[in-house]
Amino acid sequence: MAEERMQRLPAEQLFQKELDALIAAEQYEIPEGWRMSPRSVLRYIIGGKCGDIDITPKYIGKKRTVEIAIATLVTDRALLLIGEPGTAKSWLSEHLSAAINGDSTCVVQGTAGTTEEQIRYSWNYAMLIAEGPTERALVKSPIFRAMEGGRIARLEEISRCASEVQDALISILSEKRVSVPELNEEIPARKGFSIIATANTRDRGVNEMSAALKRRFNIVLLPSPESLEEEMDIVGTRITQLSRGLDLSAKIPEEEVIRKICTVFRELRLGQSLDGKQKVKTTGSVLSTAEAISLLANSMSLAGSFGDGGVTDADLAAALQGAVVKDDRKDQKIWEEYLENIMKKRGGAWLPLYRECRALNH
């Protein structure tokens, strides 16, 4: 009952049947600290069959990329996933942790306000004053807890953290232990411990990682979807999963609806029409695959809350306006030019969407 009230279940609970099936059918050697073999982790991520159970794909992309990521975590090296916004870095990170350890919740979210204490440890100051530095007064970070339990820790958006906070990882990744001088102790990491960090290529130069820290990571680049069909596949899969968890009371958008949104996003992202015949100005908005998924979820919410449950062109237009134009006059002009020069000229099935978008602009 408690799980039913949770807005978002962690991956290990959401896909528990798949994980249990893979563990039960295991035939290969399992690294110490892991729950299943690297081959089973790969099947969990890319999808397939396990007996009578269908394993849903969690990451749609090159199989070799996932193999490299998994192989890294078998060694004592940490893993850094980098890519454009919306390339499923966090999603892959969560599912790798869920498959390997059955726990994806040891997470530090990197921001400008992230402190070294959130990487290492801090103190319960009331108990510290009352008792002095004791084990009970120690407040362990998610990374500290992952080290003790031999689990994967996740550090999201590492390049958003200040350089001195990032560098707190160097000793952890080098020595595989945390020093607590107040207790005159050093806590070693158990086998199975590793860190998966993610970094956004749009944040390069914000807080560039030092060469010393980069050397402690194996870096895997997650590319944007290569083709329209691949992006549609990702969006369709994720929107189906989201609709189950959010109770949107709306029908899953048809393939043609997903095609329109992915086409608009790709053209505005790439700076040209998909046939390569016409240049398109790019917006300041990211317009990632993740943004397309959010846009369709918002359209479904509109359709379910104020319509008959079917996503209409009016629902799409309202969500598109907010996604493409984000408080920027330049984006507004680019969007208007796109409507007139690209969408309108396509005619046919595109005209109703064009009219709805144009009506919002006026």
By residue number, the members of the range 184-202 that are under 23 Å from residue 123 (Cα atoms) and either loosely packed, with under 14 Cβ neighbours inside 10 Å or free of Cβ contacts under 8 Å to residues at least 24 places away in the same chain (or both) are 184, 185, 186, 188
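Just to be sure, is residue 82 assigned to a helix (DSSP H, G or I) and either in contact (Cβ under 8 Å) with a residue 12 or more places away in the chain or not hydroxyl-bearing (Ser, Thr, Tyr) (or both)?
no
Residues are listed down the side, and each one gets a yes or a no for (1) in a helix (DSSP H, G or I); (2) surrounded by 18 or more Cβ atoms within 10 Å (Cβ to Cβ):
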position: 258; (1), (2): yes, yes
position: 261; (1), (2): yes, yes
position: 277; (1), (2): no, no
position: 285; (1), (2): no, yes
position: 293; (1), (2): yes, yes
position: 319; (1), (2): yes, yes
position: 331; (1), (2): yes, yes
position: 338; (1), (2): yes, yes
position: 352; (1), (2): yes, no
Among the residues of the range 297-317, which ones are surrounded by 18 or more Cβ atoms within 10 Å (Cβ to Cβ), touching a residue at least 60 places away in the same chain (Cβ under 8 Å) and farther than 18 Å from residue 349 by Cα? 300
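Would you call residue 19 farther than 17 Å from residue 197 by Cα and in a helix (DSSP H, G or I)?
So residue 19 passes the test.
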Given the criteria among the aliphatic types (A, V, I, L, M) and on the phi > 0 side of the Ramachandran plot, does residue 287 qualify? yes
With the checklist (1) over 21 Å from the mean Cα position of the chain (by Cα); (2) surrounded by 20 or more Cβ atoms within 10 Å (Cβ to Cβ); (3) in a helix (DSSP H, G or I) in hand, flag the one item residue 266 doesn't pass. (1)
Residues that are under 12 Å from residue 293 (Cα atoms) and either modelled with pLDDT of 90 or more or touching a helix residue (DSSP H, G or I) at 6+ places or on another chain (Cβ under 9 Å) (or both): does the range 213-231 have at least one? yes
Which numbered condition in (1) under 30 Å from residue 259 (Cα atoms); (2) free of Cβ contacts under 8 Å to residues at least 60 places away in the same chain is the only one that residue 179 fails? (1)
Residue among 64, 43, 35 that alone is within 23 Å of the chain's Cα centre (by Cα) and part of a loop (DSSP other than H, G, I, E, B): 35
Search result, residues across the range 27-45 that are of a type in the set (Val, Ile, Thr) and either in contact (Cβ under 8 Å) with a residue 24 or more places away in the chain or closer than 21 Å to residue 198 by Cα (or both): 41, 45
Single match in 102, 48 (criterion: without any contact (Cβ under 8 Å) to a residue 60 or more places away in the chain and at positive phi): 48
Which residues, taken from the range 213-255, are among the acidic types (Asp, Glu) and surrounded by fewer than 19 Cβ atoms within 10 Å (Cβ to Cβ)? 226, 229, 230, 233, 247, 254, 255
Hey, among 155, 128, 138, which residue is surrounded by 23 or more Cβ atoms within 10 Å (Cβ to Cβ) and not polar (S, T, N, Q)? 155
Checked the range 152-169 for anything at pLDDT below 95 and closer than 17 Å to residue 75 by Cα; matches are none
Which of the residues spanning the range 67-99 are acidic (Asp, Glu) and over 16 Å from the mean Cα position of the chain (by Cα)? 67, 76
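The values are calculated or read from the model by the stated rules, or taken from the named source; none is laboratory data. Just so you know, these numbers come straight off a predicted model, no measurement behind them. Every residue, glycine as well, gets a Cβ built from its backbone with ideal geometry; the counts of neighbours run over all protein chains shown.
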